[in-house]
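Trainee: Have a look at this one before I ask anything.
The values are calculated or read from the model by the stated rules, or taken from the named source; none is laboratory data. Values in this document were obtained by computation on a predicted structure and should not be read as measured data. Here the Cβ positions follow ideal geometry from the backbone for every residue, glycine too, while neighbour counts run over all protein chains shown.
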Amino acid sequence: MQEYTQKAKVLGLLFLTMTLIVTLSLTTHSGQANAQNKTLMQPTGIKSMATNATNIVLVHGGWADGSSWGKVIPILEKAGHRVIAVQMPLNSPADDIATVKRAIDLIGGPVTLVGHSYGGFVITNAAYNNPNVTGLVYIAAFAPDEGQSLSNFVDAKKFPQGFLVLDNAGFSYINPAMFHDMFAQDVDQTEADIMAVAQKPFKASTFGEKSGPPAWKQLPTWYQISESDHMIPPDAQRLFAKQMNATTLSINASHASYGAHPDQIAQLILNATKGIK
């Protein structure tokens, strides 16, 4: 009887040991499986538009739209930057500035803000006190001080007769027959003709709208001067660059320098993203 009792105890211990081993094994496997499941089930969320590189917002001018940057955009994206080319309504500076601010908020900081022509007026105001913007690039663009307007630098009445055509709502068009020679004389004729047909009308009253406090007093700036510009006098462009103490690139180019010299324009923008002065 005593021998039977001892055997029973031994069997009981063996059974208890086996139970503990199985339990520990199941617990460990379950923990690993749960950890794997948690990893697989983690929500990925909406991919942020921001990247490690500086984001870039491109702002067109009058009689143009976001597609005017078509030759520059691929170069910037190939360099690893996320880019938005805004589509401004060109109804008023207030609406255009608000449009650019929304694009800045959407893409997230840090942002290099780039403006061509009237787009320079817009970025001067949209970037003021905007913590997402780290640099401004002006491409043959207006860069007014507070209280100044486009008309301080360009008198629309001095354009050649018939150059600007107004519709019944006060929006101006560039006469397509004069578009190439005045706006884009160094751009391929066919390309310039397409630009003329696709131009976005520009509210004529915008010429008299006054600018607010300028962001170029707060941020580092870069400026491209078009030496053969028939829209904004090169002397005015040099004045803008000087008053901002901008890093300056001069090109023997038309007003549409982004179309005729996209590599140089893109390189200036890329330098700005890196803070190269």
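Trainee: Restricting to the range 140-171, what's the tally of residues that are within 26 Å of the chain's Cα centre (by Cα) and of a type in the set (D, E, K, R)?
Mentor: Here the count works out to 2.
Trainee: Follow-up. I'm trying to understand the selection: among the residues of the range 70-91, which are at negative phi and not aliphatic (A, V, I, L, M)?
Mentor: To start, the set of residues in the range 70-91 that are at negative phi comprises 70-79, 81-89, 91.
Result: G70, K71, P74, E77, K78, H81, R82, Q87, P89, N91.
Trainee: While we're here: Identify all residues within the range 251-277 that are surrounded by fewer than 17 Cβ atoms within 10 Å (Cβ to Cβ), in contact with a strand residue (DSSP E or B) (Cβ under 7 Å, 6 or more places away or on another chain) and in a helix (DSSP H, G or I); write none if there are none.
Mentor: Answer for the range 251-277, where residues must be surrounded by fewer than 17 Cβ atoms within 10 Å (Cβ to Cβ), in contact with a strand residue (DSSP E or B) (Cβ under 7 Å, 6 or more places away or on another chain) and in a helix (DSSP H, G or I): just Q264.
Trainee: So, one more: Would you mind stating whether D186 is out of contact with any Cys (no Cβ under 7 Å at 6 or more places or on another chain) and either in contact (Cβ under 8 Å) with a residue 40 or more places away in the chain or within 26 Å of T124 (Cβ to Cβ) (or both)? Working first, answer last.
Mentor: Values: out of contact with any Cys (no Cβ under 7 Å at 6 or more places or on another chain): yes; either in contact (Cβ under 8 Å) with a residue 40 or more places away in the chain or within 26 Å of T124 (Cβ to Cβ) (or both): yes.
So D186 passes the test.
Trainee: Identify, please: which residue in the range 181-205 is assigned to a helix (DSSP H, G or I) and touching a Pro at 6+ places or on another chain (Cβ under 9 Å) and is, among those, surrounded by the fewest Cβ atoms within 10 Å (Cβ to Cβ)?
Mentor: Filtering first and then ranking leaves V197.
Trainee: Another question, if that's okay. In the range 55-100, which residues are among the charged types (D, E, K, R) and more than 14 Å from F121 (Cβ to Cβ)?
Mentor: To start, the set of residues in the range 55-100 that are among the charged types (D, E, K, R) comprises 65, 71, 77-78, 82, 95-96.
Those that are among the charged types (D, E, K, R) and more than 14 Å from F121 (Cβ to Cβ): D65, K71, E77, K78, R82.
Trainee: Could you list, in sequence order, the residues of the range 206-222 that are polar (S, T, N, Q) and assigned to a strand (DSSP E or B)? I'd like the intermediate steps shown before the answer.
Mentor: Just the residues of the range 206-222 that are polar (S, T, N, Q), to begin with: 206, 211, 218, 221.
Within the range 206-222, just T221 meets the criteria.
Trainee: Restricting attention to the range 37-89, report how many residues are of a type in the set (S, T, N, Q) and at pLDDT 95 or above.
Mentor: First pass over the range 37-89, keeping only residues of a type in the set (S, T, N, Q): 37, 39, 42, 44, 48, 51-52, 54-55, 67-68, 87.
In the following step, the residues that additionally are at pLDDT 95 or above were identified as 55, 67-68, 87.
Count: 4.
Trainee: Within the range 73-110, can you find the residues that are basic (K, R) and within 21 Å of P131 (Cβ to Cβ)? Let's see the steps before the verdict.
Mentor: So in the range 73-110, the residues basic (K, R) come out as 78, 82, 101-102.
The answer is R82, K101, R102.
Trainee: Please list, ordered by first then second residue, the pairs with beta carbon atoms under 8 Å, 6 or more apart or interchain, first in the range 148-175 and under 21 Å from A192 (Cα atoms) and without any contact (Cβ under 8 Å) to a residue 24 or more places away in the chain, second of a type in the set (A, V, I, L, M, F, W, C) and part of a loop (DSSP other than H, G, I, E, B).
Mentor: From the range 148-175, the pairs are N175/F163.
Trainee: Here is a check on your reading of the model: is I104 among the β-branched types (V, I, T), within 28 Å of F179 (Cβ to Cβ) and under 14 Å from the mean Cα position of the chain (by Cα)? Outline the logic, then answer.
Mentor: Working: among the β-branched types (V, I, T): yes; within 28 Å of F179 (Cβ to Cβ): no; under 14 Å from the mean Cα position of the chain (by Cα): yes.
No.
Trainee: Additional query: Could you please let me know if P220 is under 26 Å from G70 (Cα atoms), touching a Phe, Trp or Tyr at 6+ places or on another chain (Cβ under 6 Å), in contact (Cβ under 8 Å) with a residue 60 or more places away in the chain and surrounded by fewer than 19 Cβ atoms within 10 Å (Cβ to Cβ)? So that I can check it myself, show each step before the final result.
Mentor: Values: under 26 Å from G70 (Cα atoms): yes; touching a Phe, Trp or Tyr at 6+ places or on another chain (Cβ under 6 Å): no; in contact (Cβ under 8 Å) with a residue 60 or more places away in the chain: yes; surrounded by fewer than 19 Cβ atoms within 10 Å (Cβ to Cβ): yes.
Here the answer is no, as P220 does not meet what is asked.
Trainee: Moving on to the next point. I want to confirm something. Restricting to the range 223-250 and keeping residues that are of a type in the set (A, V, I, L, M) and assigned to a strand (DSSP E or B), which single residue is surrounded by the most Cβ atoms within 10 Å (Cβ to Cβ)?
Mentor: Quick first cut of the range 223-250, residues of a type in the set (A, V, I, L, M) only: 225, 231-232, 236, 239, 241, 244, 246, 249.
When the remaining residues are screened for being assigned to a strand (DSSP E or B), the result is 225, 249.
On the way: I225: 25, L249: 20.
So, considering only residues that are of a type in the set (A, V, I, L, M) and assigned to a strand (DSSP E or B), the one surrounded by the most Cβ atoms within 10 Å (Cβ to Cβ) is I225.
Trainee: Can you name every residue in the range 159-180 that is surrounded by fewer than 13 Cβ atoms within 10 Å (Cβ to Cβ) and either in contact with a Gly (Cβ under 7 Å, 6 or more places away or on another chain) or within 17 Å of H255 (Cα to Cα) (or both)?
Mentor: Correct list: P160, A177.
Trainee: While we're looking at this one, here's another question. Residues of the range 211-239 being within 19 Å of the chain's Cα centre (by Cα) and not hydrophobic (A, V, I, L, M, F, W, C), which ones?
Mentor: P214, Q218, P220, T221, Y223, Q224, listed by residue number.
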